[in-house]
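To start, the structure under review is shown below, and the notes come after it.
The values are calculated or read from the model by the stated rules, or taken from the named source; none is laboratory data. All of these numbers come straight from a predicted model, not from anything done at the bench. Here the Cβ positions follow ideal geometry from the backbone for every residue, glycine too, while neighbour counts run over all protein chains shown.
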Amino acid sequence: MSDDGSGAGRRFVSPGDVDSQAFDWGVLKWMVTPGANGSERISCGVVKLEPGKGHERHTHPESDEMLYVVRGEGEQEIADETRGVSAGDMLYVPRGVEHGTVNTGWEPLVLVAVYAPPGPEEVLASLPECTTVPAGELPTPEAVARHAGGAGEHADADADGDADGDGDADAGGDD
């Protein structure tokens with residue numbers, strides 16, 4: 001394991017070791033990535049979709065994706081096929097194929113997602129609707145609000161958008 005804090009060479013990764021990517025539909029924890037442990041050929045993470053939530057159909061032009069359903073039930077679209085999925089199911093999405101997932105159950109739908117090669121997790125982090133909650137901090141609604149700032153960046157503003165602490169919401173300029 002690396003001692004430089006980069007995670008390079010880390011073989012054992014706990015959820016608290018990595019940032020959370022929070023969206024209005026759920027949370028992702030990417031635990032195997034080039035940045036987390038130096039993985040060059042795959043990325044792997046845990047996806048939690050809230051009840052009734054899902055994400056729009058999308059593609060990964062350069063990466064295949066594998067999804068394993070750990071808990072819950074949902075509906076998975078891959079190309080022109082839609083099926084119900086539940087714990088124990090595994091799905092394969094070839095690169096460039098449109099797909100989407102919706103939680104149709106009353107409890108969180110938990111999946112393990114693998115990309116080969118890595119890369120789509122970085123695209124997700126860059127989306128304006130992604131809020132990154134730092135490693136070691138639970139991605140509670142309060143934490144997400146505290147770190148909200150778009151583009152997957154750690155925001156320095158508090159929940160009312162007051163980054164400089166002067167009591168007014170900042171619009172990006174100097175006060």
Could you look through the stretch 73-95, keep only residues that are within 19 Å of the chain's Cα centre (by Cα) and farther than 17 Å from Leu49 by Cβ, and pick out the one that is surrounded by the most Cβ atoms within 10 Å (Cβ to Cβ)? Arg95
Glu81 vs (1) at pLDDT below 95; (2) more than 21 Å from Gln21 (Cβ to Cβ); (3) not aliphatic (A, V, I, L, M): all pass except (1)
Please list, ordered by first then second residue, the pairs with beta carbon atoms under 7 Å, 6 or more apart or interchain, first in the stretch 54-79 and under 17 Å from Met90 (Cβ atoms) and among the aliphatic types (A, V, I, L, M), second modelled with pLDDT of 95 or more and not in a strand (DSSP E or B). Val69/Ala87; Val69/Gly88; Val69/Asp89; Val70/Ala87; Ile78/Val97; Ala79/Val97; Ala79/Glu98
Within the stretch 30-147, considering only helices (runs of 4 or more DSSP H) that don't extend past its boundaries, which have at least 1 residues that are among the charged types (D, E, K, R) and under 27 Å from Phe12 (Cα atoms)? 120-126
Among the residues of the stretch 52-61, the number that are surrounded by fewer than 16 Cβ atoms within 10 Å (Cβ to Cβ) and closer than 24 Å to Val18 by Cα is 0
Considering only the stretch 97-106, I want to know if a residue exists there that is closer than 22 Å to Val18 by Cβ and crowded, with 17+ Cβ neighbours inside 10 Å. yes
Is it the case that Leu111 is on the phi < 0 side of the Ramachandran plot, at pLDDT 95 or above, more than 16 Å from the chain's Cα centre (by Cα) and crowded, with 16+ Cβ neighbours inside 10 Å? no
